[in-house]
1. Can you give the local net charge around residue 493? Use residues other than it whose beta-carbon is closer than 14 angstrom to its beta-carbon, Lys and Arg +1, Asp and Glu -1.
2. Taking the mean number of other Cβ atoms within 10 Å as a proxy for protection, how do you rank 570-582, 232-244, 194-206, 339-351 from highest to lowest?
3. Need one number: convex hull volume per residue for region 498-585, Cα atoms only, in Å³.
4. Show me 299-308, 174-183 ranked by packing, highest mean number of other Cβ atoms within 10 Å first.
5. Over the chain, what relative contact order in percent results from Cα pairs under 8 Å that are six or more residues apart?
6. Positive end of the charge dipole of the chain (Lys, Arg +1 and Asp, Glu -1 on Cβ, about the Cα centre): tell me which of 5, 149, 379 has its Cα farthest that way.
7. For a test of the definition: using alpha carbon positions, the gyration tensor, and the 1.5 limit on a/c, classify region 269-326 as rounded, prolate or oblate.
8. Keeping all protein chains in the complex and leaving out DNA, RNA and ligands, what accessible area do you get for residue 2 with a 1.4 Å probe, in Å² to the nearest 10?
Amino acid sequence: MRGYGGRILFIDAGTGKSRTEPVSEAMARSLLGGNGFAARLMLDHVPAQIDAYDPANAVVFAVGPITDTSVPGNSRACVAAKSPLTGLFFDSTFGGRWPATMKRTGFDALVITGKAREPVYVKVTEAGAECKPARALWGKSTRDAVHAIQAAEGGETDAMAIGPAGERLVRYASMGTYWKNREGFSGRGGIGAVLGSKNVKAVTVAGTRKTEVADPALLKSLLDTQREPLTTGTKALSTYGTPFLVKPINTLGALGAYNLRQEVFAEAVAISGEEMHAHYHDRDTTCLKCPVACGKQYEIRDGELNGLRAKMPEYETIFAFGSMLGNAHAASLTKANDLCDLLGLDTITMGVTLAFVAEAMERGWLSPAEVGVPFGWGNWQGMLRLIEMTAAREGFGDRLAEGAWRLAESVSPEATKAVYAVKRLELPAHSARALKGMSIGYATATRGGSHHDTRPTPQYAQGFDRKSPEGKPEFAVKSQHFTAVDDSLVVCRFTSERGFGLYVDEPYAKMVRAVTGWGMTVEELERVGERIINVERLFNVREGVRRKDDVLPWRVMHEPIPEGASAGMHCPPAELGLMLDRYYALRGWDADGVPTKQRLTALGL
Ligand code: SF4
């Protein structure tokens, strides 16, 4: 098969043994790779209803046919597990160089199960896997662990490591890889904690295999036609990175602030991409062979954090530690982001959980004595301290480590009404109230509060009616098929959306034809997306997910946005109910949100 290594590697961290299985053409063509492979492998190999920290849970790394080709944004991989935060199927993608290097091992997927007796790192080469002692790495930051492994294994080896938060089973622990000045983070869902529960500090890859492309001329012609839209469409990203979104989304009245009690942040300019770029920009950084270079390295040149050099906080991070916390101290956002990266924490969940705490303290649900450090709206010093305490599960950090939903439940049943989360995953910075496509999108997303299931990008475009529920279930279905296909190819979302389109369409079908040689049509590719969504739903249905779980945060359903360009918008339960009816009907699921036999059969499942 062109575009594939053709092998899956199963690794038991408990015994240190591994075995290889071939990838059949039927599996490859029906699920592509990445997200599709991970979903199928999780459904087939993870027993139902187990705890996320059960050794039988799997961490699956998967690349796709596009990984390590010449498509811009091709060094991208998917990692999946049953999430300790949601208890459901969860996948997350990341860049850097690690994904291309994994492809060069000749394995399309790595399935890690079991639990090592002592800390190890899993070393994968073309020959297979071995578990190497990692006692000396335990306690190290993600970056120090990666650098120590590269010093031992050589610079051509790439490592993806958890930090102290993953070791201590913080439910939203992340993992990261470092290459030159570029970091690649799998942030969401706590997959870093699942690796930690297996005593696996890192996964390393090294190899030299080349990805064969069936029709290089066809691929080149596709890339030639898409070069101009890619360059034009990524201009703001290339210049500012994702923080360019702060100002326009705030103007739209859709930037969550003060734990979502507002969606206009009066001090948004101070934490905008333009402002931070002017003061802090040091240099651009990029994933392997990507012309966009959306990564930025910042240097703080004034104030209390003077001298800090670290990665730019992404837009979502600015929302979580900035507007949601009423915090306009821009340098503190870079510091918070850096702490989370080094300690191995998801910035969105961390920030949104802290926003809940700030409101809970104001309402008297939590006392200052319980929190243990001075904290409240705009208190960035307290914010930084609480991040450190979370990673160490120290004092109140032990409760923060459980995420906003579990923390609220431990406070009072009433308190969960102030949590901005769906399926216990805290929401990112694309409004569930101001974008109706996100309302139905978040409610039905496999992962819950994720902006990578249904995409916000098309909804910001002129001409998209973001205010009406009309047509939004159709939009969510199409968008979810696109993200499933995109994460299975696997291509970076930024380069694919801006260079090749927002939905499954001819450029993607052509991409698959060029790399694999299959006669892939748009219709067949759309069905691949639908199949993957159904496999994920089957996993979640097995865990008990039904219509009752496809809901939105209480505030989104009951409190209209108070001011700004989106004033009055929210998604009342009756409106959500109508959208869900339509969504399930489009999907061929029953009224309780369970895929029907008929639809599954039609999809070959
Ligand atoms: S657009 Fe940004 S995230 Fe995507 S591959 Fe390029 S540098 Fe990496």
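The values are calculated or read from the model by the stated rules, or taken from the named source; none is laboratory data. All figures in this text were calculated on a predicted structure; none of them were measured in a lab. Neighbour counts run over all protein chains shown; Cβ positions are idealised from the backbone, glycine included. Surface accessibility is based on the protein's heavy atoms, side chains included, excluding ligands, DNA and RNA. Shrake-Rupley method; radii C 1.70, N 1.55, O 1.52, S 1.80 Å.
1. Net charge in that neighbourhood comes out at -3.
2. 339-351, 194-206, 232-244, 570-582
3. For region 498-585, the hull spanned by Cα atoms encloses 149 Å³ per residue.
4. Top to bottom by mean Cβ count within 10 Å: 174-183, 299-308.
5. Across the chain, relative contact order equals 16 percent.
6. Projecting each Cα onto the dipole axis, the largest value belongs to 5.
7. Because a/c hits 1.5 or more and a/b fails to exceed b/c, region 269-326 counts as oblate.
8. 100 Å²
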